[in-house]
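The values are calculated or read from the model by the stated rules, or taken from the named source; none is laboratory data. Here the structure is a predicted model, which means the values were calculated and not measured. Quick reminder, even Gly has a Cβ in these numbers, built from the backbone with ideal geometry, and neighbours come from all protein chains shown. Ligands, DNA and RNA are excluded from the accessible area calculation, which covers all protein heavy atoms including side chains. Shrake-Rupley method; radii C 1.70, N 1.55, O 1.52, S 1.80 Å.
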Amino acid sequence: MNDSTLSRRKLIGTAALAGAAALLPRDLAAQAPAPAPAGAPGGYTIVTSSNGLEAAKAARQALIQGRDPLDAAIAGVNVAELDPDDVTVGYGGIPNEEGVVELDAAVMDGRTMRAGAVAALTGVKTPSKVARLVMEHTDRVFLVGAGARRFATAHGFPDESLLTEKTRKIWLHWKNRLSDLDDWIEAARDAEDPDVKRFLERYGEGLFRPQGTIHLSVRSEKGDLVGVTTTSGLFFKIPGRVGDSPVVGAGLYSENGVGSAGSTGRGEANLLTCGSHTVVEFLRDGLSPEEACLRALKRIAEKTHLVPRHRDAKGRPKFNVNFYCVNAAGRAAGAAIWSGSKYVVGDAEGVRRLDSAYLYKKDA
Ligand code: GLY
């Protein structure tokens with residue numbers, strides 16, 4: 001992709017979904033393809049987002065070694081948080097509009113129904129670990145911004161730079177192209193940088209505004225249910241913006257005896273529906289994991305109909321949200337608003353990436 005094919009506005013993601021998409025009939029659960037059931041009932045099950053293949057392997061290894069399921073879940077997402085090439089989470093995440101990486105994370109333990117969360121945390125590569133400390137070392141649930149930073153410092157986390165050379169170049173490119181009305185201009189060679197080009201090829205034509213995240217839920221062999229969600233949030237966000245990921249009930253929810261769920265995708269849509277809690281409530285009602293995820297997505301799609309700027313010409317959401325969940329029996333599923341998403345499952349059989357169920361099918 002070069003400058004002539006990529007407008008300024010495409011870079012910041014206002015491009016509508018490329019090509020028209022075909023609407024499935026309203027009985028969504030009945031129409032979407034049914035991936036093979038994932039997770040071995042009675043054994044341990046891990047379910048995570050499509051960027052969680054290595055995370056699932058690490059979590060699985062930890063479970064095999066007999067570690068606590070929350071240790072395993074956090075060890076899993078730490079792999080993504082520490083990976084400078086995953087630009088959606090932790091170290092190397094895409095920064096806010098001022099070039100500062102602000103991270104959000106939450107953990108929930110279904111055994112105790114306790115949770116811990118941090119948002120807009122700077123300088124810590126592994127915010128999931130800080131979220132756990134909030135849960136275990138305070139009588140509170142959620143710390144944000146400067147307070148979260150001071151809490152992390154008190155617990156020995158150094159203040160590190162999270163901006164990599166790659167994400168610095170990507171951010172500066174975004175800033176240079178953003179407007180004709182400010183002092184920043186784009187040099188012709190900027191878009192030729194290999195890191196910038198790769199980023200634009202992957203995300204420049206994405207659904208609405210890109211944001212990435214990793215969620216990972218574990219159902220242990222004993223049947224305990226825990227979850228963790230961690231993200232650098234919306235690319236080039238307004239400083240202080242927080243999405244769904246660290247919000248208990250939206251970005252994750254875990255309850256022993258019922259299930260554990262989490263999300264990735266457009267956080268605002270999920271915040272407004274408390275989606276992960278909704279998924280777990282649907283599990284409580286006896287829906288299968290796949291049906292529970294699809295029903296929660298359907299609710300988001302229906303509420304989106306109220307906001308014209310988020311709908312395409314057919315009234316469908318111009319963004320994507322994914323849910324992942326595992327029920328008390330260890331069955332797992334992933335589902336998304338739009339076709340093409342994947343999720344990852346780990347169990348005694350190994351670790352594998354599967355196609356998510358969906359509400360709407362994108363045209364080829
Ligand atoms: N779902 C991640 C975010 O919106 O920040």
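One residue stands out among those in region 257-270 that are touching a Leu at 6+ places or on another chain (Cβ under 8 Å) and within 9 Å of the ligand (Cβ to nearest atom): the one that is modelled with the lowest pLDDT, which is Gly267. Consider Gly99 carefully, then state whether it is at pLDDT below 95 and open to solvent by 10 Å² or more (accessible area, probe 1.4 Å). So Gly99 fails the test. Among the conditions (1) open to solvent by 10 Å² or more (accessible area, probe 1.4 Å); (2) within 16 Å of the ligand (Cβ to nearest atom); (3) in contact with a His (Cβ under 8 Å, 6 or more places away or on another chain), the only one that Phe319 does not satisfy is (1).
The set of residues from region 328-357 being open to solvent by less than 30 Å² (accessible area, probe 1.4 Å), in a strand (DSSP E or B) and under 24 Å from Gly267 (Cβ atoms) comprises Ala332, Ala333, Gly334, Ala335, Ala336, Ile337, Trp338, Tyr343, Val344, Val345, Ala357. In summary, Trp184 fulfils each of the numbered conditions (1) without any contact (Cβ under 8 Å) to a residue 24 or more places away in the chain; (2) closer than 18 Å to Val89 by Cα with the single exception of condition (2).
Looking only at region 301-316, decide whether some residue is buried (at least 24 other Cβ atoms within 10 Å of the Cβ), hydrophobic (A, V, I, L, M, F, W, C) and touching a Lys or Arg at 6+ places or on another chain (Cβ under 8 Å). No, region 301-316 has no match at all.
Evaluated against (1) more than 16 Å from the ligand (Cβ to nearest atom); (2) touching a residue at least 24 places away in the same chain (Cβ under 8 Å); (3) over 21 Å from Ala328 (Cβ atoms); (4) out of contact with any Leu (no Cβ under 8 Å at 6 or more places or on another chain), Leu70 falls short on exactly one condition, (3). Cβ-Cβ distances below 6 Å connect no pair with a first residue in region 129-157 that is touching a residue at least 40 places away in the same chain (Cβ under 8 Å), a second residue that is surrounded by fewer than 17 Cβ atoms within 10 Å (Cβ to Cβ), and a separation of six or more residues or different chains.
So which residues in region 109-147 are among the aliphatic types (A, V, I, L, M), in a strand (DSSP E or B) and at negative phi, if there are any at all?
Ala115, Ala117, Val118, Ala119, Leu121, Leu143, Val144
Figure legend. Inter-residue proximity from region 264-280: first residues without any contact (Cβ under 8 Å) to a residue 24 or more places away in the chain, second residues of a type in the set (A, V, I, L, M, F, W, C), beta-carbon distance below 6 Å, spacing 6+ or different chains. Indicated pairs: Thr278/Ala296.
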